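**Student:** If you scroll down you'll find the structure; I have some questions about it.
The values are calculated or read from the model by the stated rules, or taken from the named source; none is laboratory data. Bear in mind that the values here come from a model prediction, so they are computed numbers and not experimental data. Cβ coordinates were reconstructed from backbone atoms using ideal geometry, including for glycine residues, and neighbour counts include every protein chain displayed. Each accessible area value is taken on the protein alone, full model and side chains, heavy atoms only, with ligands, DNA and RNA left out. Shrake-Rupley method; radii C 1.70, N 1.55, O 1.52, S 1.80 Å.
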Amino acid sequence: MEFKLTEEHLAVREAARDFAQNELKPGVIERDSKMIYPTDQVRMMGELGFLGMMVSPEYGGGGMDTLSYVLAMEEISKVDNSCSVIVSVNNSLVAWGVETYGNEAQKAKYLPKIASGETIGSFCLSEPEAGSDATSQRTTAVDMGDHYLLNGTKNWITNGGTSKIHLVIAQTNVELGHRGINAFIVEADWEGVAIGAKEDKLGIRSSDTHTIMYNDVKVPKENRIGDEGFGFKFAMKTLNGGRIGIAAQALGIAGGAYELAAAYANERKAFGKPISAHQAIAFKLAKMATEIEASKMLVYRAAWLKDQHMDYSSAAAMAKLYASEVAMRQTVEAVQIHGGYGFVKEYHVERLMRDAKITQIYEGTSEIQQLVISRDIIKNGNLYIPVVNHNMENA
Ligand code: CAA
């Protein structure tokens, strides 16, 4: 077993850390409190290659592995989770979905702009009445011969106000259940696409989350992704990788909170010595460090399995489930270590605590991750088979 990162991994991590600390940190408090979309920061992330890290060089991407993407996500998430969710959705849902399941014409048309960040994308699965129960899609795509007619409402859409392309999941034949669902590439400026107001959220406040309405939108046949009826599988398979991105975000949030708490604890004195020298705080830091390391193992392992083209759906679910729980716990502890200072914006940890919560909700709630893991266990006769011993083909 090898725990060593390559020179390339280390360089990616350092570049992301420099960018996050020098370019994202200075304005992050203001952007968060005033819900200002990080326009300049997104442009810079595009220029630096963070928005298409795993896209093949032939389409203008970085051609990097999933672990590189995870390391970049981790560093950006220590500082600005509105930016890291944009990186995550663009890379692991939109770019990966189009590159893996799109046809040659779709890839040539859309991928170069997604990879450069010129086009930010959205993943439009959730609906007012279909969140966790994703098979109950109410959005319809009626086959009209040369095009589909799209009608419905999607909500909680990350990048909803700024994205130029939407990957939309819709029901084409309700009688077929999930096999009657299709996925489409929809351009945001097509007639009939309407964007609702920006959500005012607890965390990741400067990212733009919107409801999107589709009203008699004509979607050309060539914009369907994959074979007829593949849309639900497309969403599930794409979300498996998305969950690694959100797990990396949670890992970064916990790591960022730990770094701030440890630095503060070494500096702040009480009863004649740094508070880190008091067992009450030292033990908190010890527990935080241990849980973050455990979470790192799960997240890196899921990324490694994906890069080995092995089955990673359960591993991704485990990584997201655990890393998001750790992020929530550790950010609460980081605020506690800071005392009153932790409760004010200037010290950054209260923002990380608010940001942590969404990692337990989006791209499948913690309850859905447990459903995915438990179904996998049951499938294997109630035996938990360590995923590293699997050598199944990527499902
Ligand atoms: N990977 C691959 N295939 C999967 C899969 C996975 N993780 N989960 C399900 N499937 C397949 C199943 O194998 C099945 O295929 P077959 O019929 O060929 O066997 C098919 O999909 C249907 O699955 P189920 O029978 O298990 O369907 P279900 O309705 O009982 O449950 C679910 C499905 C797992 C609960 C699913 O609905 C789900 O994952 N829900 C959560 C949705 C979600 O994550 N939403 C996030 C929104 S996107 C977002 O947050 C983006 C953003 O902007 C940040």
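**Student:** For the pair L149 and E14, how long in nm is the line joining their label points, each one 7 Å along Cα→Cβ?
**Tutor:** In this crude label model, L149 to E14 measures out at 5.9 nm.
**Student:** With every protein chain present, what is the per residue accessible area of the chain (1.4 Å probe, Å²)? Write out the running numbers ahead of the final one.
**Tutor:** Values: 17080 Å² over 395 residues.
Spelled out: the 1.4 Å probe surface of the chain, per residue, equals 43 Å².
**Student:** Any idea of M213's accessible area? Nearest 10 Å², probe 1.4 Å.
**Tutor:** We get 70 Å² for M213.
**Student:** Could you tell me which chymotrypsin sites (Phe, Trp or Tyr not before Pro) in segment 1-109 are loop residues by DSSP with no more than 12 other beta carbons within 10 angstrom of their beta carbon?
**Tutor:** Here the chymotrypsin sites (Phe, Trp or Tyr not before Pro) that fit, given the DSSP loop and packing criteria, are F3.
**Student:** Cα centroids of segment 164-206 and segment 92-130: how far apart, whole angstrom?
**Tutor:** 12
**Student:** Oh, and also: Could you tell me the relative contact order of the chain? Use alpha-carbon pairs under 8 Å, at least six residues apart, and round to a whole percent.
**Tutor:** Across the chain, relative contact order equals 16 percent.
**Student:** Go through E191, E293 and list them by solvent-accessible area, largest first, probe radius 1.4 Å. It would help to have the intermediate numbers written out before the result.
**Tutor:** On the way: E191 165, E293 85 Å².
Result, largest first: E191, E293.
**Student:** Could you work out the pair-distance distribution P(r) of segment 225-330 from its alpha-carbon pairs, with 10 angstrom bin width and percents rounded to whole numbers?
**Tutor:** 16, 34, 24, 15, 8, 3, 1, 0
**Student:** Next question. Given only helices, namely DSSP H runs of n ≥ 4 each adding -39500 (n - 2.57), what is the per-residue ellipticity at 222 nm of the chain, to the nearest 500 deg cm²/dmol?
**Tutor:** -15500 deg cm²/dmol
**Student:** While we're looking at this one, here's another question. With both partners inside the chain, how many of the DSSP beta bridges are antiparallel, as a percent to the nearest 5?
**Tutor:** Numbers: 29 of 34 bridges.
Here the antiparallel bridges make up roughly 85 percent for the chain.
**Student:** Using the alpha carbons of segment 1-147, what is the convex hull volume per residue in cubic angstrom, as a whole number?
**Tutor:** Value for segment 1-147: 168 Å³ per residue.
**Student:** Leaving ligands, DNA and RNA out of it, rank V217, V174 by accessible area with a 1.4 Å probe, largest first.
**Tutor:** Largest to smallest exposure gives the sequence V174, V217.
**Student:** Just the ratio, please: alpha-carbon radius of gyration of the chain over 2.2 N^0.38 Å, N its number of residues.
**Tutor:** 0.98
**Student:** Determine the alpha carbon to alpha carbon distance for each of K296/K357; K201/K296; K237/K306 and list only those over 20 Å.
**Tutor:** Too far apart for the 20 Å limit: K201/K296.
**Student:** Go through K113/K154; K34/K78; K25/K345; K107/K233 and tell me which ones have a Cα-Cα distance over 22 Å in this structure.
**Tutor:** K113/K154
**Student:** Also, quick follow-up: Can you give me the solvent accessible area of K379 with a 1.4 Å probe, rounded to the nearest 10 Å²?
**Tutor:** 150
**Student:** So what does D143 come to for accessible area, using a 1.4 Å probe and Å² rounded to 10?
**Tutor:** D143 exposes around 80 Å² with every protein chain in place.
**Student:** Sticking with this structure for a sec: What percent do you get for the relative contact order of segment 169-211 when only Cα pairs under 8 Å and 6+ apart count?
**Tutor:** Once normalised by length, the contact order is 26 percent.
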